[in-house]
Protein chains: 6
Amino acid sequence: MEDVLAKDWIFSEDMLHFIVEHFEMDLEKTIIRQRLLIAMIKEELEKLGVTTLSRSGDDLYEGDKKLSVSIATLSPVSSLIHCGLNVLNVNTPIPTIGLANLQVKDPLSFGESVAQHYCDEVRSMRLARCKVRGVQ
Amino acid sequence: MEDVLAKDWIFSEDMLHFIVEHFEMDLEKTIIRQRLLIAMIKEELEKLGVTTLSRSGDDLYEGDKKLSVSIATLSPVSSLIHCGLNVLNVNTPIPTIGLANLQVKDPLSFGESVAQHYCDEVRSMRLARCKVRGVQ
Amino acid sequence: MEDVLAKDWIFSEDMLHFIVEHFEMDLEKTIIRQRLLIAMIKEELEKLGVTTLSRSGDDLYEGDKKLSVSIATLSPVSSLIHCGLNVLNVNTPIPTIGLANLQVKDPLSFGESVAQHYCDEVRSMRLARCKVRGVQ
Amino acid sequence: MEDVLAKDWIFSEDMLHFIVEHFEMDLEKTIIRQRLLIAMIKEELEKLGVTTLSRSGDDLYEGDKKLSVSIATLSPVSSLIHCGLNVLNVNTPIPTIGLANLQVKDPLSFGESVAQHYCDEVRSMRLARCKVRGVQ
Amino acid sequence: MEDVLAKDWIFSEDMLHFIVEHFEMDLEKTIIRQRLLIAMIKEELEKLGVTTLSRSGDDLYEGDKKLSVSIATLSPVSSLIHCGLNVLNVNTPIPTIGLANLQVKDPLSFGESVAQHYCDEVRSMRLARCKVRGVQ
Amino acid sequence: MEDVLAKDWIFSEDMLHFIVEHFEMDLEKTIIRQRLLIAMIKEELEKLGVTTLSRSGDDLYEGDKKLSVSIATLSPVSSLIHCGLNVLNVNTPIPTIGLANLQVKDPLSFGESVAQHYCDEVRSMRLARCKVRGVQ
């Protein structure tokens, strides 16, 4: 689905990174997409048995421990979403939790799964757009 | 928050209805909002201890039993989202589940909570829009 | 490419019809697409050896004989382009020419070819959108 | 009303400055807002008894003496309006007039009043948007 | 300037009517244009010596006597502004004032002047759009 | 037609350059305009008797010899199209053809003609926008 987003994920020992690019200039729309992406990451973790997370805006928490960081922004030709998930929670300045603590054994495979589901969701919403009838 | 949406919920013995109206003509944006609303309803149910649901597009399920119906559309001057949640699951043509089965004791209060959180989310996204710095 | 357009062509003894639907509400954009579609129909005919046509706005002519009719409009949820090409030019109130006069032996196959190339062009423009770098 | 504009006014001996920021990328809309802001500044001055001004585009004049400078522009994430009103008219290269000449005793309080009314106008227009019924 | 608006004014014994049509679907923008039109009508009256009016949103008053009615709406393909000014103020259910009371001798010529200045303002704003440089 | 585009053409011994600027931020729309511009250049050459060209996306070819280069991009306040046509085809790294080979005797006058017709086409599309009636 390379036309609407150049999605990728980057794995380091510390963080799993998602970068989403939409070739549109409506930042409010991108921020709604960002919230949906965060909700989807939580849903993907639920499929792995993690049911202790809550979403607050564009952040994921287990109790007061933060799992994620995220930002949305405009480039001169597109809008961009970054979301990073902690893998390990060592040496962090605020209380955090990492995918390792949540028993996510294979962060790479988890990243691939999130990326795939996000693309599926975008495609599904675009198709839904084409099936709507107006009302008076 | 009456300026961007006329949100309400309607309770009958059978269904709890949400109606959201955004005074914008971008239906794709509305469909993204709709998916986020469905994800939020699931999150609100999690706060009541319901952890067995999954979202598929604009539907909520417990296993193969459907909890919700939803549609997004354009009026001549706005975009509209409807979402209905089953309260009771008697006499339905397909396998369904209702809020009653999920031990939601007070659907009215639950509806109020969802409506409040959706408004909070919209406001929070609008404020987030105003804090973004562009990138090169 | 069913997500952005529901393209079809209808063949009668009299006319070959194209219907294009884009799920967007920007009618100016649709009118630019319409002009490009008309230019493409001319280009497809050139591949069949027809080099006598000229385009004037959303019309195709051979000299003062009109080959096409076209209109663009908004539905409540999308924008629509219709273009009809004469097949035979019998009994028309103004000077016309038909695909038969232009030695297009197989209007059905010609219609399929135009539809295919229009979809290719839309896809190609969408991909081009994603490769642009801004300038200062 | 911090979500749609970060409005402020800056007072120096020479000028009273207004900065308006709208988090939208439609510059034509911003230019219409700019003209309305200039018209409103004139209206606010009328409430103080100043009835000698005329507006020409985004400028205010008393006869051929210029009271204001204004510019609208795009930042990478928003649109911006600046409007400066002369306070004193000493040492200006073209014929000018200042708020002091117009007997505006308290420029700070006047700035606050303009800012407040502009916010009220924006809010009022947003609410008006939500009360419209379409026509056929 | 027939491309962006089909502007006209209708004179009866009772009212002078302005109809503005913009071929765009952004109703918020139209509402900003409507406020500017109302401000301009007041400014045109000032040129005739009428300095007793005040604008409140999309209404013009002399004290508590209403001079105007106005509405903005969407058609399926455009946005529309109607503004009517009382000519005579006989037999009105609320306190009103008419152009006759304001010593506007020639409502037809006044209507023509407002229409002309509105077109000039639209053209001037469109040109201003083309002269903007962005900021970082 | 200086309000929507600052169109110009630059002639050197090597290339005839067209620069089009539209004061809008919708890059997809600009890319559609770009394709139409390329189709129009081919149509203008047909009026001079050149019937051997074909268009592929934003390129013009005679067989496998390339006549043109083109790019569309966003500036911070507008969208821009550049199209350059080879005049001579000496010393080019890939197979090319130039206007000289196509017997275009007067590139300057040809440039003026393309620029004029592009402006006419833009104006004609804008007027067409204003004549549309919606459908249900």
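Below are the figures for this structure:
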{"quantity": "Karplus-derived HN-Hα couplings along the range A:99-113 (A = 6.51, B = -1.76, C = 1.60, θ = phi - 60°), whole Hz, x at Gly and Pro", "calculated": "4, 4, 5, 8, 6, 7, 6, 10, x, 4, 5, 4, x, 4, 5"}
{"quantity": "Under 12 Å, Cβ to Cβ, from F:Leu45 - net charge with Lys/Arg +1 and Asp/Glu -1", "calculated": "-1"}
{"quantity": "Residue mean of other protein chain beta carbons inside 10 Å, D:119-131", "calculated": "6"}
{"quantity": "Contact order relative to length of chain D, as percent, for alpha carbon pairs under 8 angstrom and 6 or more apart", "calculated": "26"}
{"quantity": "Residues with amide H under 5 Å from that of F:Asn89, placed H, sequence gap 5 or more", "calculated": "F:Gly98"}
{"quantity": "Pairs beyond 32 Å (Cα-Cα), from C:Lys29/E:Lys131; C:Lys29/D:Lys42; A:Lys131/B:Lys65; A:Lys29/D:Lys42; D:Lys47/F:Lys131; A:Lys65/D:Lys131", "calculated": "C:Lys29/D:Lys42; A:Lys29/D:Lys42; D:Lys47/F:Lys131; A:Lys65/D:Lys131"}
{"quantity": "Inter-part distance where the range C:23-37 and the range D:57-96 are each reduced to a Cα centre, Å", "calculated": "39"}
{"quantity": "Total formal charge among the other residues, if their Cβ is under 13 angstrom from that of F:Gly57, Lys/Arg +1 and Asp/Glu -1", "calculated": "+3"}
{"quantity": "List of the range B:19-40 residues, accessible area with partners at least 50 Å² below that of the chain alone (1.4 Å probe)", "calculated": "B:Phe23, B:Met25, B:Leu27, B:Glu28, B:Lys29, B:Ile31, B:Ile32, B:Arg35, B:Leu36"}
{"quantity": "Heavy-atom accessible surface of chain E: percent carbon and sulfur, 1.4 Å", "calculated": "53"}
{"quantity": "Nonlocal amide H pairs with C:Leu60, under 5 Å, H built at 1.01 Å", "calculated": "C:Leu67, C:Ser68"}
{"quantity": "Whole-number accessible area per residue in Å² for chain C, which is evaluated in the context of all protein chains at 1.4 Å", "calculated": "43"}
{"quantity": "Solvent-accessible area buried by pairing F with C, both sides, nearest 100 square angstrom, 1.4 angstrom probe", "calculated": "3000"}
{"quantity": "For residues of C:74-86, the mean tally of beta carbons on other chains within 10 Å", "calculated": "4"}
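The values are calculated or read from the model by the stated rules, or taken from the named source; none is laboratory data. On a predicted model such as this, the values are computed, not experimentally measured, just so you know. So basically every Cβ, Gly included, is an ideal-geometry build from the backbone, and we count neighbours across all protein chains shown. Just so you know, the surface numbers come from the protein's heavy atoms only, side chains and all, with ligands and any DNA or RNA stripped out. Shrake-Rupley method; radii C 1.70, N 1.55, O 1.52, S 1.80 Å.
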